[in-house]
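FYI, it's all coordinate maths here, none of it is from the lab. Owing to the predicted nature of the structure, the values given are computational and were not obtained by experimental measurement. Note: ideal-geometry Cβ built from the backbone for every residue, glycine included; neighbour counts use all protein chains shown.
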Amino acid sequence: MSVKQELILGVIIGIVLAFVLAIIVFFNTNPEGMLIKEYFNIFVNGQILVPVLTISLLANFALFFVLLRFNKDNISRGIMIATMVVGLFIIILKFLI
């Protein structure tokens with residue numbers, strides 16, 4: 001695999017991992033009897049999305065260090081780029097919207 005492909009793979013893995021963990025938290029905290037549409041509105045508009053995404057970035061950092069341990073430097077760089085992109089998304093959600 002080339003360096004560029006490894007970087008792209010790392011970015012994709014990092015972004016997907018952050019949002020998949022946010023979705024897992026979303027579905028595990030849904031109270032019984034509440035419709036998904038209502039809960040999603042509370043989740044996004046109630047400023048719950050930002051802390052959940054922030055916590056999900058911890059998985060990116062863990063994966064980053066694991067990949068560094070196995071000498072996958074380019075994929076680790078992609079993970080870090082994805083972490084910064086999701087972090088920028090969090091800042092936009094928190095302060096601009």
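Which whole number of Å³ per residue matches the convex hull of the alpha-carbon atoms in the stretch 3-96?
That works out to 89 Å³ per residue.
Could you check the spin-label model distance between ILE92 and ILE42? Points 7 Å from the Cα along Cα→Cβ, value in nm.
Calculated label separation equals 2.7 nm.
Among ILE13, ILE75, ILE55, which comes first, second and so on when ranked by fewest other beta-carbon atoms within 10 Å?
Working: ILE13 17, ILE75 23, ILE55 13.
Going from least to most buried by this count: ILE55, ILE13, ILE75.
Which Cα, out of ILE12, VAL50, LEU93, lies furthest along the positive dipole direction of the chain (beta carbon charges, K/R +1, D/E -1)?
ILE12
When a footprinting reagent is the concern and you count Cβ atoms within 10 Å, what order do GLU38, GLU6, GLU32 take, fewest first?
Numbers: GLU38 12, GLU6 17, GLU32 4.
Result, fewest neighbours first: GLU32, GLU38, GLU6.
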